[in-house]
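The values are calculated or read from the model by the stated rules, or taken from the named source; none is laboratory data. Given the structure is predicted, the values throughout are model-derived calculations rather than measurements. Backbone-built Cβ (ideal geometry, glycine too); neighbour counts: all protein chains shown. The accessibility values were calculated without ligands, DNA or RNA, using every heavy atom of the protein model including side chains. Shrake-Rupley method; radii C 1.70, N 1.55, O 1.52, S 1.80 Å.
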Amino acid sequence: MEGAELYSVKWYKGKREFFRYTPKEIPALKSFVVAGLSVERPLSNGSHLTLVAVEPAATGKYSCEVSADLPSFDTMIVSSEMEVVDVPVTKPLITGIKQFYRIGDVVLGNCTSYNSKPAANLTWLLDDKKINASQMMQYPIYKDQRSGLDTSTLGLFFHLSHHFLGRSKLKFSCIAVIYDVYEQRVDRWIEDERPKLMAASASPVGLNPVNYVHSIYDQSSAASSYHHHDSSDFDNQNSDAYMTQIQGDMSSTASRAGGAERIILTLGALHPASRTAVAAVMQIVFSTLVALLSGGSVGQRPASCGRHRSIPSLVALV
């Protein structure tokens, strides 16, 4: 007051006065009806104003006017904007993200915060670190015509590069924020889709390029058809990948007359640490083939090699 005596303090919403404090009058506090405003008088005085049960209609420009008493009647007024937030009643919702992924896949998902005023600001995090804006897409705000509330959606387009090699789990999070009055977070974990390698493999488990080691031995009659093993299980996008597939129809007089044996062996590996195990398996595979072709049992050294027998359909893809 710079030494002057206070005459009045008046509060306005827009241009309408709704509260006044005049210390020399009785009563000193006076309230005036303005739609959407309710003053808590016990908590209001010359320096403080308290509004209760505020609604979105209370949003607007507020001004405080202070006047000095005689003889100057100097007056000063200051203004500020106030916004009443209608917060969501539920946490944000993550959709589209699956539980299992492989290295090289793209994680596609949406985070949506429903029914608020204003719309919530959304952010994607990976392991609690903000994801680059180039891998997110902000969709237009949807406004409900009946309630007037807004719904915001932020898309995610995240490529699982080899940077995440060896990680068994990753945590994607979405945070919804409205100024400093509302903040909610939801988390979604993803895992490596691929099963653990057989115990003979020394490859690490996790979001890494270790593929299946899978063998099938199908022994059936000539009239039966074999089950085709689909090689789509292998990650053809990885340049380090290799696949060995052997198929063959073999006749053996030592087994049963007129019968036919078919062996389908499929091996796949993408991690260097698994090659020792694969080499050991391949040695067993070819020992088994030689034994079957020679009419002997597995583990016995054949009397003659394959040059004296024909293999009708032996295919090796490396």
Which value, in Å², gives the accessible area per residue of segment 136-178 when a 1.4 Å probe is used on the protein heavy atoms?
54
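Residues with beta-carbon under 15 Å from that of VAL84, excluding VAL84: net charge, scoring Lys, Arg +1 and Asp, Glu -1?
Details: positive: LYS13, LYS61, LYS117; negative: GLU55, GLU81, GLU83, ASP86, ASP150, ASP180.
That works out to -3.
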Compute, for TYR7, the solvent-accessible surface of its heavy atoms (probe 1.4 Å) with the complete set of protein chains present, and express it in square angstrom to the nearest 10.
90
Go through segment 144-150 residue by residue and turn each phi into a ³J(HN,Hα) via Karplus (6.51, -1.76, 1.60, θ = phi - 60°); whole Hz please, and just put x for glycine and proline.
6, 5, 7, 8, x, 8, 10
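Could you sort the peptides 17-25, 172-180, 137-145 by per-residue average Cβ neighbour count (10 Å cutoff), highest mean leading? Walk me through the numbers before you get to the answer.
Values: 17-25: 16.9, 172-180: 18.6, 137-145: 11.0.
Order by mean packing, descending: 172-180, 17-25, 137-145.
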Long pairs among LYS24/LYS61; LYS15/LYS117; LYS10/LYS117; LYS117/LYS143; LYS130/LYS171; LYS61/LYS117, criterion Cα-Cα beyond 19 Å
LYS24/LYS61; LYS15/LYS117; LYS10/LYS117
